[in-house]
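Every number here is computed from the coordinates shown, using simple stated rules; none is lab data. As the structure is a computational prediction, the values presented were derived from the model and not from experiment. Ideal geometry is used to build each Cβ from the backbone, glycine not excepted, and the neighbour counts take in all protein chains shown.
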Amino acid sequence: MHYFDHAATTPPYPEVIQTLTDIMSLYYGNPSALHRAGEDAAKLLKKAREVCAAALSALPSEIVFTSGATEGNNMAIKGAAMHYQSRGRHLITAVTEHPSVYQAFRQLEELGWEVTWMPVAGDGTVDPAALAEHVRKDTVLVSIMHVNNETGAVQPLEDIGRRIKEKNSRVLFHVDGVQGFGKLPVSLQNWQADLYTLSAHKFKGPKGAGIMYVKQGVQLYPLIAGGSQEGGYRGGTENVAAAAAVAKAMRLSAERQAEFYERARRLRDILVHHIADMPELMLNSSEHGAPHIIHFSYPGLKPEVLVHTLEEGGFLVSTKSACSSKSSEPSRTLIEMGRNADEAASGIRISLGWEHTEAEVRELGAALKSAVAQLAPMTGRKG
Ligand code: PMP
């Protein structure tokens, strides 16, 4: 089976699995306990926090372990909105954000916050100058993702960070970094990011684990009330094994990011070249986007049928993103990029990982062509 759905999730590094099993079997103490088993677990947690911080050139005290980016995004966005509401109740985000950001803002809107929803251009990017024009004295937070999970569009974060801070130096900048870490260079310092969220399973770490970076001096209203763990932001006994496994995956992925980028770009170019002559195929991911995500529409073809036909040939790809693939709605992201309903309802996402070879990518291209040739006559298309 050829797995081409790395934007949905990735197979963990063997070292990550080893770390999880070693720590779960040997160091099961509660890090808050005063005895030796507790101290050993607390040391591992401290070390994990240091490693995650180093991968982001951050301070260990700026790292909060979470259950992933859905939790992290909710904590960062709602936590900032609630803590800083005396400064104002205006927030800015983009229309193509992941549901864990989009819905968090929708809830805040229902609760009385004012949200400015930035549109995107045809390539899926936000215009930094237009965004900065919306920043006001009472704007508390701007949230823009690094890489779009459906199309791979890369947002101009450095430009956005600079412009919004020039307009209002107190405005906070949150970046959902899930699809970019380990794939593209990350610089929280250059982006002037105050809050940054990751899910470890997108970069070969464990599922149900991630981090939230909270810049020193920034405060959040804690959504999870309880003990004083994780700086008071997330009460509850820490998942030490997961934290250590997140740290392992972050270190390995950060070290190998430049190599991954080059590799994915070469494979992406081969695949795109291979399928470029397919009539009616519409590429939605741009060559300036993240190289590991290739997204296209084939209007008229039902994407689920294409996905199943490819699966019969041994290739696993995705319609839309994993979070919305079970809904029959056309993709919100593609509609916002100006695609029509037919184009937005016929999207296919191929996402690359470390495991792929040139030969495998060529085989996928050939399988795609033959699947479309087989299915297109049924719809009256040229194939
Ligand atoms: N943000 C983005 C951009 C994502 O792609 C995802 C995962 N699909 C998330 C947030 C949420 O991550 P998780 O499902 O691991 O909580």
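Taking ASP176, ASP194, ASP269 as the candidate residues, the one with maximal mean-square fluctuation in a Gaussian network model of the chain, Cα springs under 10 Å, is ASP269. What separates the Cα centres of segment 23-46 and segment 161-193 is a distance of 34 Å. What is the local net charge at ARG362, summed over the other residues whose Cβ is closer than 13 Å to its Cβ (Lys, Arg +1; Asp, Glu -1)? Charge balance near ARG362 sits at -1. Within the shell of other residues whose beta carbon sits under 13 angstrom from the beta carbon of LYS183, the net charge comes to +4, with Lys and Arg scored +1 and Asp and Glu -1. With an a/c value of 1.5 or above and a/b not larger than b/c for the gyration tensor axes a ≥ b ≥ c computed over the alpha-carbon atoms, the chain is described as oblate. Karplus-based coupling profile of segment 202-218, in residue order and whole Hz: 7, 10, 6, x, x, 6, x, 8, x, 9, 10, 8, 10, 4, 3, x, 7, with θ = phi - 60° in 6.51 cos²θ - 1.76 cosθ + 1.60 and x standing for Gly or Pro. Once backbone amide H atoms are built at 1.01 Å from N, LEU59 has no partners under 5 Å, excluding neighbours fewer than 5 places away on the same chain.
Distance from the Cα centroid of segment 52-72 to that of segment 287-316 is 33 Å (rounded to whole angstrom).
Per-residue counts of other Cβ atoms within 10 Å, averaged by peptide: what ranking do you get for 52-62, 243-253, highest first? Present the calculation step by step, with values, prior to reporting the outcome.
On the way: 52-62: 18.5, 243-253: 25.8.
In descending order of packing, they fall as 243-253, 52-62.
Which of the peptides 209-215, 137-143 is most tightly packed, and how do the rest follow, judged by the mean count of other Cβ atoms within 10 Å per residue? Please report the intermediate quantities before stating the final value.
Details: 209-215: 26.3, 137-143: 21.6.
In descending order of packing, they fall as 209-215, 137-143.
For segment 19-34, 3J(HN,Hα) computed residue by residue from phi via the Karplus equation (6.51, -1.76, 1.60; θ = phi - 60°) reads 4, 4, 6, 4, 6, 5, 8, 9, 10, 8, x, 8, x, 7, 6, 7 Hz, glycine and proline entered as x.
If you take every residue apart from GLU133 with its C-beta less than 12 Å away from the C-beta of GLU133, what net charge results, scoring Lys and Arg +1 and Asp and Glu -1?
On the way: positive: ARG136, ARG163, LYS167; negative: ASP127, GLU166.
Charge balance in the 12 Å sphere: +1.
Amide H to amide H distances under 5 Å link HIS2 with PHE315, LEU316, where only residues 5 or more positions off or on other chains count and H is placed in the peptide plane.
What dipole magnitude, in Debye to the nearest 20, does segment 80-208 give about its Cα centre under +1 on Lys/Arg Cβ and -1 on Asp/Glu Cβ? Walk me through the numbers before you get to the answer.
Numbers: 14 positive and 14 negative charges, 85 e Å.
Its charge dipole is roughly 400 debye.
Residues whose amide H comes within less than 5 Å of that of THR66, counting only those at least five positions distant or on another chain, are GLY210, ILE211, MET212 (H built at 1.01 Å from N in the peptide plane). In segment 14-252, with Lys and Arg counted as +1 and Asp and Glu as -1 at Cβ, which of these residues, THR93, LEU157, CYS52, has the Cα nearest the positive end of the dipole, that is, farthest along it? Final value for the positive-end residue is CYS52. Cα-Cα over 27 Å: which of LYS183/LYS248; LYS47/LYS183; LYS46/LYS204; LYS43/LYS183? Cα-Cα > 27 Å for LYS43/LYS183; rest within.
GNM on the chain, alpha-carbon springs under 10 angstrom: the most fluctuating residue among GLY208, GLY72, GLY289 is GLY208. Among DSSP beta bridges whose residues both lie in the chain, state the antiparallel percentage, nearest 5. Approximately 45 percent, going by the DSSP bridge assignments. Axis angle, to the nearest 10 degrees, between helix 303-312 and the longest C-alpha principal axis of the chain: 80 degrees.
Its Cα centre serving as origin, segment 14-252 has a Cβ charge dipole (Lys and Arg +1, Asp and Glu -1) of approximately 440 debye.
Shown in residue order for segment 141-155 are the 3J(HN,Hα) couplings computed by the Karplus curve 6.51 cos²θ - 1.76 cosθ + 1.60 at θ = phi - 60°: 8, 10, 10, 9, 6, 6, 10, 5, 6, 9, 9, x, 4, 9, 7 Hz (x for Gly and Pro).
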